[in-house]
1. Looking at the P(r) of region 30-98, how many percent of alpha-carbon pairs lie beyond 17 Å?
2. Quick check: net charge around residue 39, other residues with Cβ under 13 Å of its Cβ, Lys/Arg +1 and Asp/Glu -1?
3. Given 17, 103, 72, which one lies farthest toward the positive end of the charge dipole of the chain, if we put +1 on the Cβ of every Lys and Arg and -1 on the Cβ of every Asp and Glu?
4. Too long at a 18 Å Cα-Cα cut-off: which of 14/140; 14/108; 108/140; 94/134; 14/145; 82/138?
5. Only four residue types carry charge here, +1 at the Cβ of Lys and Arg and -1 at the Cβ of Asp and Glu. Report the dipole size of region 14-64 about the Cα centre in Debye, rounded to the nearest 20.
6. What is the local net charge at residue 81, summed over the other residues whose Cβ is closer than 12 Å to its Cβ (Lys, Arg +1; Asp, Glu -1)?
7. Evaluate the charge dipole of the chain about its Cα centre and quote only its size in Debye, nearest 20, assuming +1 on the Cβ of each Lys and Arg and -1 on the Cβ of each Asp and Glu.
8. Provide the net charge surrounding residue 48, with neighbours chosen by a C-beta distance below 13 Å and charges set as Lys +1, Arg +1, Asp -1, Glu -1.
Amino acid sequence: MRRLRFSININAPKGEVWRAMLDDATYRQWTSAFQEGSYAVTDWKQGSKALFLTPAGEGMVSRIEAHRPNEFLSIKHLGTVKNGIEDTESEEGKSWAGAVENYELREKDGTSTLTVEMDVSDEYRAYFEETWPKALGKLKDISEKQRRSESPKGRRSA
């Protein structure tokens, strides 16, 4: 496994970025960069199970290792899901076991910096190196659009 790292600055407070990252409707939007129709089945609480799935029932079975709202989320992958069935025993399922995906969010002067670290095998490295920046770009657009839509109309900046 190799750890990849991606980072993006988002012109929105970290609470808005966090909501956009984890709320079901917006999660589905930004993760569509990985697979159209992707979704998560979890309550995002520490220790909870998480399924990251495509509409075809393919994906990952994982556990939320840590969740500090608006700051840090750590996901530990346990195996794969094929045709809706969790697999932690086959070679493919075991190949993801123990891989970690971390999200760290920091804010300074109303701009948030989201850093994602993810363990991947060489087989998937090029895919994630290409796709993560696209996904983070979508999350940035969603977060900044939410900020603009929530701003009072007619408000001017100094």
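1. Within region 30-98, distances greater than 17 Å cover 45 percent of Cα pairs.
2. Value of the local net charge: -3.
3. Final value for the positive-end residue is 17.
4. Too far apart for the 18 Å limit: 94/134; 82/138.
5. About 240 debye.
6. -2
7. Roughly 940 debye for the chain.
8. +2
The values are calculated or read from the model by the stated rules, or taken from the named source; none is laboratory data. Predicted model only: the values in this text are computed from it and were never measured. Reconstructed Cβ throughout: ideal geometry from the backbone, glycine too, with neighbour counts over all protein chains shown. Surface accessibility is based on the protein's heavy atoms, side chains included, excluding ligands, DNA and RNA. Shrake-Rupley method; radii C 1.70, N 1.55, O 1.52, S 1.80 Å.
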